[in-house]
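The values are calculated or read from the model by the stated rules, or taken from the named source; none is laboratory data. The structure displayed is predicted, hence computed values, not measured ones. Every residue, glycine as well, gets a Cβ built from its backbone with ideal geometry; the counts of neighbours run over all protein chains shown. Calculation scope for accessible area: heavy atoms of the full protein, side chains included, ligands and nucleic acids excluded. Shrake-Rupley method; radii C 1.70, N 1.55, O 1.52, S 1.80 Å.
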Amino acid sequence: MIASLVDKEVVRVSRVSQDGVRVRVSAGASSFRREERLEKLLVEARQQVEELRQQVDSPEHASLTAGQRAARKRAAADQQQRLEQAIAQLPELKQKQGEAARRAGHGKRGAQIRERQPRVSTTEAEARVMKMPNGGFNPAVNVQLAADTESRAILGVEVSNEGQR
């Protein structure tokens, strides 16, 4: 899009400015779970999906419309998928924690980092707890924008889960 605007001389890219902002996500602070709890919840979610499939197809639930059956199946499958996404984030978090512990050394701070277990949100796996402009810590993502300073055209957008870039 920007290339066509530059080609038609509507926008002239002379100087690019980059800035970012942390955006609060809808995940609650209480939705963050450790690996052990995530694994337990995933087993329960898989059982619930299977039980729900059997229940919805049983004659007892014949009064349910096709839409209601599909909605119940979809809700259970979505929960299972969110838990799988959260568990998939754990290796990356463990690696970052290991790097932080290595940088902190063998002292008291390094030991504190090593003792901490990574936690991931069950509602938004990509969210991380970040320090916000108001001084508090909330689940958030970091949105980075690149824009031309003269025309104010946005040239690029990136959303990441790292607090600092």
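Per-structure values
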read-out	value
Residue within region 99-114 that is under 17 Å from the mean Cα position of the chain (by Cα) and either open to solvent by less than 70 Å² (accessible area, probe 1.4 Å) or among the aliphatic types (A, V, I, L, M) (or both) present	no
Candidate set: region 1-32, residues that are part of a helix (DSSP H, G or I) and in contact (Cβ under 8 Å) with a residue 40 or more places away in the chain; chosen: the one surrounded by the fewest Cβ atoms within 10 Å (Cβ to Cβ)	A29
Count of residues meeting criterion [over 15 Å from G20 (Cα atoms) and out of contact with any Asp or Glu (no Cβ under 8 Å at 6 or more places or on another chain)] in region 131-148	5
Answer from S58, S31, S26 - the residue that is of a type in the set (S, T, Y), touching a Pro at 6+ places or on another chain (Cβ under 9 Å) and more than 30 Å from A153 (Cα to Cα)	S31
Selected residue [closer than 29 Å to Q117 by Cα, touching a helix residue (DSSP H, G or I) at 6+ places or on another chain (Cβ under 9 Å), assigned to a helix (DSSP H, G or I) and not aromatic (F, W, Y)] from Q55, Q48, Q68	Q48
Candidate set: region 134-154, residues that are open to solvent by 30 Å² or more (accessible area, probe 1.4 Å), over 20 Å from the mean Cα position of the chain (by Cα) and in contact (Cβ under 8 Å) with a residue 12 or more places away in the chain; chosen: the one nearest to E92 (Cα to Cα)	T149
Condition check for Q55: surrounded by 13 or more Cβ atoms within 10 Å (Cβ to Cβ) and free of Cβ contacts under 8 Å to residues at least 12 places away in the same chain	yes
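The rows are residues; the columns are (1) at pLDDT 90 or above; (2) open to solvent by 70 Å² or more (accessible area, probe 1.4 Å).
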| residue | (1), (2) |
| --- | --- |
| I87 | yes, no |
| L93 | no, no |
| R119 | no, yes |
| V129 | no, yes |
| G156 | no, no |
| G163 | no, no |
